[in-house]
């Protein structure tokens, strides 16, 4: 019996407390609460001046640049004088080199040796600029493969000018070898004359 009695007493006490709390909350919500410690502060009024903004839509355009009637003058090329062993065709008269092939060896048989590739020598720069002309005869052996062996200058005028260029050119010659009884053989004593001339 103690249990139900306690429950009834608790309910009887809780109801007035709950109702009282509701009343206090209601009064607080309804009432305008003002804190006396907080002073009312006035916010400064923002005043925007009445100014008219002008948009500039008529910007003057720059004058059109006209194409020049006369082209600009050409720049002069700077020429460098380099002391190098090069073919100086523009520094001297035009050079002309003739190649004549003669032989003092045997040239009869089933198939004659024939030149396939003949390379013209480079005119020596110093001889060309000084206007020196002349010739150089180079003697060599045509091998069974058609290559050149042991090229030697045998007669060159003037001496010591055209030998080197002539031997270099002769080393690049190619031949169809001489054939006797179906076999290729070497031909010795083949000579080639290089003539160095300057065109006027």
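Take the residues of the stretch 150-175 that are part of a strand (DSSP E or B) and either within 38 Å of the chain's Cα centre (by Cα) or touching a residue at least 24 places away in the same chain (Cβ under 8 Å) (or both): which is surrounded by the most Cβ atoms within 10 Å (Cβ to Cβ)? So that I can check it myself, show each step before the final result.
Start the filter on the stretch 150-175 by keeping residues that are part of a strand (DSSP E or B), which leaves 150-157, 174-175.
Okay, now just the ones that are also either within 38 Å of the chain's Cα centre (by Cα) or touching a residue at least 24 places away in the same chain (Cβ under 8 Å) (or both), so 154, 174-175.
On the way: 154: 13, 174: 14, 175: 21.
Here the answer is 175.
Looking at residue 88 and the list (1) modelled with pLDDT of 90 or more; (2) within 21 Å of residue 197 (Cα to Cα), which single condition is not satisfied?
(1)
Inspect the stretch 179-190 for any residue being farther than 20 Å from residue 111 by Cβ, surrounded by 15 or more Cβ atoms within 10 Å (Cβ to Cβ) and more than 41 Å from the chain's Cα centre (by Cα) and give the result as yes or no.
Of all residues in the stretch 179-190, those farther than 20 Å from residue 111 by Cβ come to none.
No, that holds for no residue.
Which of the residues that make up the stretch 159-200 are closer than 18 Å to residue 142 by Cα and in contact with a helix residue (DSSP H, G or I) (Cβ under 7 Å, 6 or more places away or on another chain)?
The answer is 192, 194.
The values are calculated or read from the model by the stated rules, or taken from the named source; none is laboratory data. Since this is a predicted model, take the numbers as computed values, not measurements. Don't worry about glycine lacking a Cβ; one is built from the backbone with ideal geometry, like all the others, and counts go over all protein chains shown.
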